[in-house]
1. Tally Lys and Arg at +1 and Asp and Glu at -1 over the other residues with C-beta under 14 Å from the C-beta of A:Val30: what net charge comes out?
2. Counting each pair of different Cα atoms once, what's the Kirkwood radius of segment A:46-127 in Å, rounded to one decimal?
3. Could you check the simple spin-label distance between B:Lys145 and B:Asn28, using points 7 Å along Cα→Cβ, in nm with one decimal?
4. Would you please give the FRET efficiency between B:Ala7 and A:Glu55, computed as 1/(1 + (r/R0)^6) with r the Cβ-Cβ distance and R0 = 30 Å, to the nearest 0.05?
5. Give the relative contact order (percent, whole number) for segment A:7-161; include only Cα pairs under 8 Å separated by 6+ residues.
6. Could you tally up the Lys pairs in segment A:12-159 with alpha carbons closer than 22 Å? Skip any pair fewer than 8 positions apart unless they're on separate chains.
7. Provide an ascending nm list, one decimal, of label-point separations from A:Ile5 to the equivalent residue in each further copy; define each label point as 7 Å from Cα along Cα→Cβ.
8. Would you kindly compute the Cα radius of gyration of chain B and its largest Cα-Cα separation (Dmax), both in Å?
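Derivation of every value follows stated rules applied to the coordinates shown; laboratory data play no part. Here the structure is a predicted model, which means the values were calculated and not measured. Don't worry about glycine lacking a Cβ; one is built from the backbone with ideal geometry, like all the others, and counts go over all protein chains shown.
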Number of protein chains: 2
Amino acid sequence: MSKPINAAVVNAFIEGTKNVLGTMCQTNPVIGKPSLKSNSSLFGDVTGAISLTGENNGLVVLSFSKEAACTIVSRMLYEEKSDIDDDVMDAVGEMTNMITGDSRKRLSENGMNYEAGIPTVVSGENHKISAMVSDDAATVVIPFKTDKDEAFNVEFTFEPK
Amino acid sequence: MSKPINAAVVNAFIEGTKNVLGTMCQTNPVIGKPSLKSNSSLFGDVTGAISLTGENNGLVVLSFSKEAACTIVSRMLYEEKSDIDDDVMDAVGEMTNMITGDSRKRLSENGMNYEAGIPTVVSGENHKISAMVSDDAATVVIPFKTDKDEAFNVEFTFEPK
């Protein structure tokens, strides 16, 4: 079964991410090429996740290297951060919430309506997160870089309708 | 503001957990005293989480020590597991899904209806998970032990209605 990447959904998340990072974190990210992931696991230093429920179920995951998280959160909080402490985790949760909210508004303008769940944030060296989705679910990863060349990813998965 | 523990909700999760572990994992757990948590962070070796959306937002989290996860999953899969590998993570996701589903049915019988999101599973030594909830949200933790005295917790948080 082919899993086409829905351009409207990809664009909603790209524009949502750009808008929130630009307005809240004074960061204009470089956007890489979106691709389908063959599995639903990911690794990162700090990760925010938020569930979407509606006609079908979805999941949005923002995964940051320590460096990217510290750069972006330092700008968001106007306070220098060099480690993933509780403030950084809270800020990543807030960012996940805002980016998902902004993207949901854009999806809604395309007739796709979702409710968002409680955001969760995970930290810990070499942590691994797996989403329990069906084999037919497509996971799309959009790679971003900060202006300081630090990597973070925005991923989304939707179950088939 | 006081945060009373809703007995019907606690019982739904206790009975849901007992039922799934008994029927799927041949495990009759010992149930400790439910308590309110002062913060929404937790630590564990492997953790399953699932969002609930409805009249208000909720989150269900199952957190296992490595030993508890391996004992329960070995019985579930009829295969000896001594480490947290992909099979164990999948099984923890499936267990989170089943326990939440069973508990949701019980909540629904009490007039509380929720949609469940995509389950996620986190592993990694010293990982930390925080739920981004309002200060008024109550997080209840129900401590369980296997018959081999290995600890796991079932936690739930609901935003105020």
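1. Charge balance near A:Val30 sits at +1.
2. Working: mean 1/r = 0.0749 Å⁻¹.
Taking the inverse mean of 1/r over all distinct Cα pairs, segment A:46-127 comes out at 13.3 Å.
3. Between B:Lys145 and B:Asn28, the label points sit 1.6 nm apart.
4. Details: r = 34 Å, r/R0 = 1.14.
Approximately 0.30, to the nearest 0.05.
5. Working: 308 pairs, mean separation 58.6, N = 155.
It comes to 38 percent, rounded to a whole number.
6. Value for segment A:12-159: 19.
7. The projected label point of A:Ile5 is separated from its counterparts by 4.8 nm.
8. Gyration radius and largest Cα-Cα distance of chain B: 14.7, 48 Å.
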